[in-house]
1. Condition test on THR188, is it open to solvent by less than 20 Å² (accessible area, probe 1.4 Å) and in contact with a Ser or Thr (Cβ under 9 Å, 6 or more places away or on another chain)?
2. May I ask you to list pairs of residues, at least six apart or on different chains, whose Cβ atoms are under 9 Å apart, with the first in segment 144-166 being within 16 Å of ligand 2 (Cβ to nearest atom) and the second being of a type in the set (Ser, Thr, Tyr)?
3. From GLN170, GLN111, grab the single residue that is of a type in the set (S, T, N, Q) and not assigned by TED's automatic domain parsing to the domain that holds ILE217.
4. For residues that are open to solvent by 20 Å² or more (accessible area, probe 1.4 Å) and either among the small types (Gly, Ala, Ser) or not in a loop (DSSP other than H, G, I, E, B) (or both), tally how many sit in segment 20-63.
5. Scanning segment 52-95 for residues that are acidic (Asp, Glu) and without any contact (Cβ under 8 Å) to a residue 12 or more places away in the chain, which turns out farthest from SER138 (Cα to Cα)?
6. Got a sec? Which of GLN84, GLN142 is part of a helix (DSSP H, G or I), open to solvent by 30 Å² or more (accessible area, probe 1.4 Å) and under 20 Å from VAL192 (Cβ atoms)?
7. With the condition kept exactly as written, say whether any residue in segment 101-108 is in contact (Cβ under 8 Å) with a residue 40 or more places away in the chain, within 30 Å of HIS194 (Cα to Cα) and open to solvent by 70 Å² or more (accessible area, probe 1.4 Å).
8. I'm trying to understand the selection: among the residues of segment 201-213, which are at pLDDT 95 or above and either over 21 Å from SER165 (Cβ atoms) or of a type outside the set (A, V, I, L, M, F, W, C) (or both)?
Amino acid sequence: MIEVSDVRKSFGKLEVLKGINLTVKKGEVLSMIGGSGSGKSTMLMCINGLEPIQSGRIVVDGIDVHAKSTDLNHLRKRIGIVFQQWNAFPHLTVLENVMLAPRKVLKKNRQEAEQIAVRHLKHVGLGEKLKVFPSRLSGGQQQRMAIARALAMSPDYMLFDEVTSALDPQLVGEVLDTMRMLSKEGMTMIVVTHEMRFAREVSDRVAYFHQGKIHEIGSPEQIFGSPNQPETANFLKSVHGA
Ligand SMILES: Nc1ncnc2c1ncn2[C@@H]1O[C@H](COP(=O)(O)OP(=O)(O)OP(=O)(O)O)[C@@H](O)[C@H]1O
Ligand SMILES: [Mg+2]
């Protein structure tokens, strides 16, 4: 379980998270939506300890992410994160790219790491691309490789930050299908997305970020069907596909 309590985060004088409270239970899919600069990416970075916070607490399965004693490397093994773009090592094959973290971080031997990587690459539909170099993959395939790479660490949580926004429209579907599959398998996920139809269909809850706060949170039916806050309604009107 991820528990975020009264988290405040600033970059210099600019406060970008202004008291965030949030709980994500095991197996839950939470979507974060909201305008540019509202703090969604920053929230994800704070959850896996990539960014410090000024006050409040983030606890993941009982571990205080920002406590001095917390082993962040250990924590990050349990929280996979996939970004809009991930630069794979161009001189390594798809398989070798996905083997890297199990080898280096989990200290698996070559054979074990290969088994893990093959399993996850097949799972995301890249079983035919093991020996190919990343530059030969489509954008959608590259994103699925990034997902396989994160899954190869056997994370308990997956965070996704606009993983489809850099893709041509015809490639978006295959990546969303992969995420949909993970959610059906019970993966706990936080998904920052501009894909409102996906958020509506896959999420258990949707959080609308506005000016550094969760302005409104609820079921997809409630948020998309009858938002309580005028700002939520305005945002949804402004985005395509809501
Ligand atoms: N490393 C940084 N240094 C300084 N300011 C930052 C940094 N990262 C983010 N910010 C600022 O924090 C605010 C929140 O940014 P954030 O990236 O979290 O927004 P977002 O909701 O993810 O937006 P988008 O939808 O455009 O991705 C913005 O004003 C941004 O300029
Ligand atoms: Mg962002």
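The values are calculated or read from the model by the stated rules, or taken from the named source; none is laboratory data. No experiment lies behind these values; they were computed from the predicted model shown. Backbone-built Cβ (ideal geometry, glycine too); neighbour counts: all protein chains shown. Protein only, heavy atoms only, side chains kept; ligands, DNA and RNA dropped before computing areas. Shrake-Rupley method; radii C 1.70, N 1.55, O 1.52, S 1.80 Å.
1. No; evaluated as a whole, the condition is false for this residue.
2. Short answer, once both residue conditions are applied: PHE160/THR193; ASP161/SER41; ASP161/THR193; GLU162/SER41; GLU162/THR193; VAL163/THR193; THR164/THR193; SER165/THR193.
3. Testing whether each residue is of a type in the set (S, T, N, Q) and not assigned by TED's automatic domain parsing to the domain that holds ILE217 leaves just GLN111.
4. Here the count works out to 14.
5. ASP64
6. GLN142
7. no
8. SER203, ASP204, ARG205, TYR208, HIS210, GLN211, GLY212, LYS213
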